[in-house]
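Quick notes on the structure that follows.
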Amino acid sequence: MAITTRQQLSFTEIKSSFAYLGSLLSQDVVDTAQSLNWLHAGEQGHAELTLRGERLLSTAGYEAQLRQALLDYIDIEHPSWVQNATFGRSRVISFAGTQIAQVFVEAGLADGTDDAVVAFWDALAARARGQRDDKLTQIGRIGERLTIKFETQRTGRLPTWIAIDNNADGYDVLSVVDASDFKRLTIEVKTSTQGASGFAMLTRNEWDMAMESDAHVFHLWSLRDQSKPQLAVVGNESMLAHMPVDQGRGVWDCTKIPFSSFIDAFGPPKNQPPGS
């Protein structure tokens, strides 16, 4: 697209004058730039950057440009595979096809959990849900990051952030029991900015996972004051007292548990044992 800022050429002239743009056929590049609304024909018939194209061209860094290009492609083309974003990035990359999957790799999105990478996948998941901004997801990510930090300090080992790759597993973070016991500890994270007035929405899948795991805890993060987060580490036995049961033909699917149920367990994060 940078060629349009240096020369006044029509789309036909670009295609006839340049067989390739980089390693790509110029016709494919021009057609894609038009379909994604990066270029349009100006009053004189010359190829000109649109506002979307100017934004893409002004984005600093190759990876950042690729990420913006992916979002533009998704917003315009609405590919069916984007619906998998609600299940995590591994599902998206598996269904997106080889070429698109390679773009995810080159954009630095296939792994890693830095802020920009997480923000991209959350933006993609929001689009899959038909939303541009998902405040609850953002709050949930804060709690998950706090759990990653807490578990690293508690065990001396960096846990695995499961939810960023696949949120269908029924838990968010995979850690270990403690610094001397490397048995798997699965952790479901629930976060609220409402303090004791907040609640945890727990799905049947999450509870089933908790019961199947040899070692499982719930991290409840109260972010009423985000500068002083409060944590309650709740074990399965304590959570069980507040869980619904199936009766007759009725089968529960999701339940809402008040944070106030565990009010005495909340406090500043400290190296407390699992399920204390």
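Where a number appears in this text, it was derived from the coordinates with a stated rule and is not lab data. As the structure is a computational prediction, the values presented were derived from the model and not from experiment. Cβ: placed from backbone, ideal geometry, glycine included. Neighbour counts: every protein chain shown.
Give the cross-link partners of K256 among the lysines, using a straight C-alpha distance below 25 Å as the criterion and excluding same-chain residues fewer than 8 apart.
Straight-line reach from K256, under 25 Å: K135, K190, K228.
Compute the relative contact order of segment 195-260 as a whole-number percentage, counting only Cα pairs closer than 8 Å that sit 6 or more residues apart in sequence.
Numbers: 79 pairs, mean separation 32.5, N = 66.
Relative contact order of segment 195-260: 49 percent.
As a footprinting exposure proxy, order T191, T155, T59 by other Cβ within 10 Å, with the fewest listed first. List each step's numbers first, then the result.
Numbers: T191 24, T155 20, T59 15.
Listed from fewest to most nearby Cβ atoms, that is T59, T155, T191.
Once you have a ≥ b ≥ c as the square roots of the Cα gyration tensor eigenvalues for segment 61-133, tell me rounded if a/c is under 1.5, and otherwise prolate or oblate according to whether a/b is larger than b/c. Spell out each step's value before the answer.
Values: a/c = 1.27, a/b = 1.17, b/c = 1.09.
It is rounded, given that a/c, with a ≥ b ≥ c, falls under 1.5.
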